[in-house]
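Here is the structure we will look at.
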Amino acid sequence: MFAYIIRRLLYAIPILIGVNLLTFVLFFVVNSPDDMAVSQLGAKYVTPEAIENWKAKNGYDKPLFYNAGADGLETVTETIFFAKSVRLFAFDFGRSESGRDISTDVRRRMGPSLAVVLPTFLVGIGVNICVALMVVMFHASRLDRAAVIVFVALMSISYLFYIIGGQYLVAKTWRLVPISGFLSGAEVWKFLLLPVLVGVVAGIGAGARWYRTLFLEEANQDYVRTARAKGCSELAVLFRHILPNALIPILTGVVVLVPMLFMGSLLIESFFGIPGLGSYMLDAINAQDFAIVRSMVFIGSILYIVGLILTDISYTWADPRVRLS
Amino acid sequence: MLRTFLNKWDAVPAPDSPDQRPAQTLHALALAACLLLAGCGKGPWNNPHPPPDGDKVTYYSVMSPAPPKHLDPAISYASDEALFLMQIYEPPLGYHFLKRPYELEPLGVERMPAVSYLDATGKPLPAERVDEAAFTRYHLTVRADARYQPHPAFAVAENGGARYHFDDPAEGRRYRQITDFAHTDARPVRAEDYAYAIKRLADPRAGSPMIGFMGRYIVGMETLSAELDAVSRDGWLDLREFDLAGVDVLDERNYTITINGRYPQFVYWLAMHFFSPVPAEVDRFYHNPGFAESNLTLDWWPVGSGPFMMVRNDPNSEIVLERNPNYHGDVYPSEGAPGDRERGFLEDAGRPIPFIDRAEFRLEKAVLPLWTKFLQGYYDRSGEVHGNTNSVFDRAFVVGPEGLELADDLADHGITLSPDVKPGIYYYGFNMRDPVLGGYTEERRKLRRALQIAFDVEEYLNIFYKGNGIVAHSPIPPGIPGHKGGAEGINPYTHDWVDGEARRKPIEEARQLMVEAGYPNGRDARTGEPLKIFIDVQSQAISTTSMNWIDRAFSRIGVQVEFRPADWNRTREKLLTGNTQIFSHGWLADYPDPENFLFLLYGPESPLLCNCDGANNASYERPEYDELFEAMRVAPPGPARAAMVKRMVELYREDAVWLFAYYPKDVYLNNAWVHNTKRHGISKNTLKYLRINPALREQKRRAWNQPVTWPLYAGAALITALLLPAVIAYRRRQRATAR
């Protein structure tokens, strides 16, 4: 397994270079370094000197990919792409275009992101699995059909509606929790209740319906009939027999998301004023802050690759027949 | 203990009889769960603020919709950043809080600067020969009682050197916040600090947006820039070792600034944070190795001598200011503009300021939470740089017999209005070099006037800006000398004065002008081709509905419209190259002088002529206008200058340079416990005048935020109702025999 993991990590290097290249090209197709300078300097008195100074100060005064004025290897190394990309592989994210240290900001924002996304994720999985198993238990009944209709209805509603509706009802009309904000320490719970509730409720439709499909496939297997014939209680059948056997597809969808939890949630964080990495990314895109966008895409790529490796490893845990080689 | 607490809770009655107990136990359990989850805090459950810090009077407000990007006084150039900088720094001059038109007054200096004019050899000129001045010199005297806030940069070690001066980055990295430093100290503000700040403007590495603009004026600034650019540096560079010819430090409290030629508006720049003092030791402190990794920089932790100092800077969530214990003190003004006494703005006259101890600004990106918290009493005002009332305008206001009034529920809250006509202008300009619409022949003027009349600005503002704007008949907004109201202020080419109000000329007149311009019914009389105009707009700044409205407006005179939406960078490129026919733009004044608006039409400011980011995007070139502008720019205030301004406005109207323009208007809402809320269009250092009644705020917050608890029970009942049939069915199935 160790060799497998090493091999997968080595595969990650060209993937990361490709992702970085793609991000770079996409960003600079719509934004030149001059555009970035104007955006950062403001709309007034933006003299050519100020633009050149900004570019020099922030390392955007070189060619993008190829430096025709340089010799030898420097034709490649003396470029914006090389200068900005190489540091990423040493996890040196540098400074944002507004001058803040990106690593420090990422570290500080990771906590609030996890504080919201982790409980949403865990509670969401738990609720979805329980609801799906319950529906499976009443398969082909009116309850099952009603549940599927409800799931489809829940899936059809926009995530924004859950957020705004939740804020309007729970925080504005009933005044049970603050409508938005974030405080560290013991007070943090009152700020997490609503976003977690919204996140869980918004995910029930899609999640429970998907799990229901997985569980139904297992519920018709012979071993389930055997378990019932042995006299197992329905709960034991569901949780001890069906659930473990349906784990592989569940893990495929779930474990890959675990590392991505660090990246936070764009919408939830923005609407609930949570200073996490999701809103960090969104702010950076709005502010045309390439340094942050590039760093966040890079971190996201790494986490995704880690998630895929973890998924593979989790297969061996869920199904002893699986061997990684 | 829980029961004791619950008994005190208004919404929860104490158990009176045994038969009530089951329900009340359920009630208590639900409440206990909520309280636990709500952090067991006192007061309303939905309070988003941490418990107050002792008896400090705290002001709660927002930064919206984005946090500041720069707080270095040399770099920052945005009003949402000035909101913080101007509470902390004291530039030499400031503005009177209440007087209108805006009036400058000493702030960091003892008196208004003494101005002298010099000839080319540097000798003073007598008053009657100021026209010959090659230089202007401003003499400033720093106030004797100005002292910096406590800060670790001033802390001294036993050996007399700076206490926090490191060589090893690892030492610097031990500190994360400015509050991590155990030792702080302070010292008086000196003239050399003001000189140091100006040298920072000249330093290309500092990245000041003023480097090009001020380089034209301050003597020797361009030379110093070139010199500093050539210096290789590793870490801090002591700018005291470099000379700036135009800035002389005479002694500890006196210094002079010498500028090229005459530029009377320079005094207004002295009221901006660019000219605030920066002590060299602070600059060196922030260059300690390892500090930048923790964002311990002057760009994030300003150091000043103003009424407040920054104690927390988390731009991701909040910025907190606290009263500077070393502030020299000041009193609330005793004079104001007409009507200020009646509106209560002079009730605190002569009282020492600031009135508040602490100000917390929280980041709010979405409008609904901001608005809700304001109505719940958790924010004292609806906004700082923006009123944030546009999105909720329909619900907040009604049109009453006396114009705009608050809706009943808001009026019941005791909310007050602070309207603010900003000293700025938004406009759609013609490219005067355009072969179809540009030019100075009478036909072209008539064509542009026809388009001006067809564009019903009043209707446009009512529909798309909910009336938050005033039709501009000239480039000079209200509050700025040169602005005229009433009959004499209207543009006679587009409006008539009828029954005491400006009335747009009828569309028939526009049609007639089209005929005279050679476009009867919107078609070129020579070719028969329909006239099609192209409007460049910023995609974020216009909606499909407003484009449809504009299309319809021009169709009344047979003109077709094509919009070319683009982002700001692309629009800017078009403006710089003159590749546009009609464009949208805006300008917010730096200082309250007509020169700061009339230069938008000054010929040499055309990007096509100066090959720069000039302000005259219409490329308007009229020799008479340019001559008048050059004379007006250096003329002292008085009738002669006013006459020049009047003539320039006449020329602007005659040539119909802009399709339409309006002065932006904003409305800020204040909760009942907030006083001295008059808006100042130019200056942002008004926090020190704000007064809060914390007792009333607390009372109102409690009254407005009683939680509604029945949904908790309803939710529990719903879940039970959903689960119960399942449980019953499950149990039945478990008991069933095989079939």
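The values are calculated or read from the model by the stated rules, or taken from the named source; none is laboratory data. Every value quoted in this text rests on a predicted model; they were computed, and no experiment measured them. So basically every Cβ, Gly included, is an ideal-geometry build from the backbone, and we count neighbours across all protein chains shown. Just the protein is used for accessible areas: all its heavy atoms, side chains included, with ligands, DNA and RNA removed. Shrake-Rupley method; radii C 1.70, N 1.55, O 1.52, S 1.80 Å.
Couple of notes before you dig in:
- Averaged per residue, chain A has 46 square angstrom of accessible surface, using a 1.4 angstrom probe with ligands and nucleic acids left out.
- Distance between the range A:1-55 and the range B:682-697 - C-alpha centres, whole angstrom: 43
- For chain A, excluding the exposed loop sites themselves (trypsin sites (Lys or Arg not before Pro), DSSP loop, at most 16 other Cβ atoms within 10 Å), the longest remaining stretch covers A:45-320.
- For the range A:115-318, alpha-carbon Rg relative to the globular expectation (2.2 N^0.38 Å, N residues): 1.18
- Using the Cβ of B:Val231 as centre and a radius below 13 Å, the other residues enclosed give a net charge of -3, where K and R count +1 and D and E count -1.
- For the range B:475-571, the fraction of C-alpha pairs more than 21 angstrom apart is 56%.
- Helical runs assigned H by DSSP (4 residues or longer) give chain B a calculated mean residue ellipticity at 222 nm of -8500 deg cm²/dmol, each run adding -39500 (n - 2.57) before division by the residue total.
- Take the Cβ atoms of B:Asp185 and B:Asn254, set R0 to 22 Å, and the FRET efficiency comes out at 0.35.
- The share of accessible area on chain B that comes from carbon and sulfur is 52 percent, using a 1.4 angstrom probe.
- Per-atom-type breakdown for the range A:1-90 gives carbon and sulfur 69% of the accessible area (1.4 Å probe, protein chains only).
- Accessible area per residue, Å², chain B with all protein chains present, probe 1.4 Å: 42
- Beta bridge orientation in chain B: antiparallel %, DSSP, nearest 5: 80
- Drop in accessible area of at least 40 Å² in the complex versus isolated chain, residues of the range B:41-67, 1.4 Å probe: B:Trp45, B:Asn46, B:Pro48
- Taking θ as phi - 60° and the Karplus parameters 6.51, -1.76 and 1.60, the scalar couplings of the range B:470-485 work out to 10, 4, 8, 9, 8, x, 9, x, x, x, 10, x, x, 7, 10, x Hz in sequence order, x denoting glycine and proline.
- Quotient of Cα Rg and 2.2 N^0.38 Å for chain B, N being how many residues it contains: 1.14
- For chain A, the 222 nm mean residue ellipticity estimated from helices alone, with every DSSP H stretch of n ≥ 4 adding -39500 (n - 2.57) and the total spread over all residues, rounds to -22000 deg cm²/dmol.
- Within chain A, the selection of entire DSSP H helices by a Cα span of 20 Å or greater along the long axis and an average Kyte-Doolittle value of at least -1.0 returns A:2-30, A:102-137, A:142-156, A:188-219, A:290-318.
- Cross-link table B:Lys574/B:Lys665; B:Lys484/B:Lys505; A:Lys57/A:Lys84; B:Lys373/B:Lys684, entries beyond 25 Å C-alpha to C-alpha: B:Lys574/B:Lys665
- Surface composition of the range A:115-318: carbon plus sulfur atoms contribute 71% of the solvent-accessible area (1.4 Å probe, protein chains only, all chains present).
- In the B-A interface, the accessible area buried, summed over both sides, Å² (probe 1.4 Å): 5600
- The contact residues of the range B:599-640, meaning those that lose at least 40 Å² of 1.4 Å-probe accessible area when all protein chains sit together rather than their chain alone, are B:Asp613.
- For the range A:1-90, radius of gyration divided by Kirkwood radius, i.e. Rg to Rh on alpha-carbons: 1.12
- Pairwise FRET efficiency - B:Val708 versus B:Ala127, Cβ, R0 = 60 Å, nearest 0.05: 0.25
- Approximate spin-label separation B:Glu501-A:Leu310, in nm, with each point projected 7 Å along Cα-to-Cβ: 6.5
- In the range B:710-739, comparing the full protein assembly with the chain on its own, the residues that lose 30 Å² or more of accessible surface at a 1.4 Å probe are B:Pro711, B:Ala726, B:Tyr730, B:Arg733, B:Gln734.
- Rounded Å value of the spacing that divides the Cα centres of the range B:514-565 and the range B:247-284: 50
- Shape parameters for the protein assembly as shown, alpha-carbon atoms, Rg then Dmax in Å: 33.2, 118
- A convex hull fitted to the Cα coordinates of the range B:544-633 yields 138 cubic angstrom per residue.
- Gaussian network model of chain A, Cα within-10 Å springs - most flexible of A:Tyr60, A:Tyr11, A:Tyr211: A:Tyr11
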